[in-house]
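Quick note: the coordinates plus some simple rules give every number you see, no bench work behind them. Here the structure is a predicted model, which means the values were calculated and not measured.
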Amino acid sequence: MRPGPFYILILFNLIFFVFFIFNYEYIDYYLLIPGIILPIITFDYAGDMLTDFAYAIGNKLNFTGGMVGIYIISFFSVIDELITASMAAFYRYGSISFGTIEGSNFITLLFFIFIIPFLKDDKKGYLIDILFLIFISLIILLISLYLSSINIIFSIVLIVIFVIYILAVNRNEKKNDVVEYYPVDYLSIAAIFMVFTSSYMLVKSVDIVSYVFSINGFLSSFIIIGIAGSIPELVLTYMAIKKDMIASSRILTGSTVYKFSLVPGIAAMLGTVYISHSYYYTLSIIFMGLLIVIISMFQKPQN
């Protein structure tokens, strides 16, 4: 990444971030376009920097390519959803919080279905992710039938499931082929900060959209933040494929597990995460997960 455009992007992020903090009203329609477009550009731009940063961390920790993909890049790819959903929950935009998660997972899984025929990765790896995702989705579906929001008990349950998932992945990951050395780029820390400011602007922008078009926060966040939130996963996966990274597809599938367990679990501890409008959307996630399993069963390995 060239520092010039990066510094310009930081400047624009800070300017509009200040506008959203000190001059935000529902009627400030002029903030809507930069409040959506700028975060999308930021997520896209930060993806490349965070990929190299992940490799640098992975080398220092003696991680394999697969471990970098699951533990580091998958986490980096959901930072935007984690911050956005947590902010929305904290500011009591509970519908926006879970709409962010559902929308991003929907777009990510839809994309993954189309790339399955071109994957060279071991099916066993990403099928573990998908099966965990289906299991978590069933739990969320069950919760939504009886509760309007995720309470503290179920938030802990989701985080415990995430820990079990990490342990299961670690057990199945081959402990060889440590990733090559990458220099640590400390500007990546600034990229993470930009994701924070951009996530805040997205939450407020979706709030404006909900007000202007009289639609609920869940649906507007599902569409707007869902699309924007899936960009980091797609960009990071693309960069990983370019670098011939092992198990690059698991950035996508691994991130969906993060987003349905760790993200809502943490967000629910910080505020309100409404799931009452998510019934049919969660069913669609389960359906796509099952479809991926079925397609993978008949998919021949690529050479």
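Annotations for the structure displayed:
- Coupling constants for the stretch 162-167 follow from the phi torsions by the Karplus curve (6.51 cos²θ - 1.76 cosθ + 1.60, θ = phi - 60°), and in residue order they are 4, 4, 4, 4, 4, 5 Hz; glycine and proline get x.
- Cross-link pairs exceeding 23 Å between alpha carbons, from the set LYS123/LYS259; LYS60/LYS123; LYS124/LYS259: LYS60/LYS123.
- Distant-in-sequence amide H partners of SER149 (H built 1.01 Å from N, under 5 Å): ILE275
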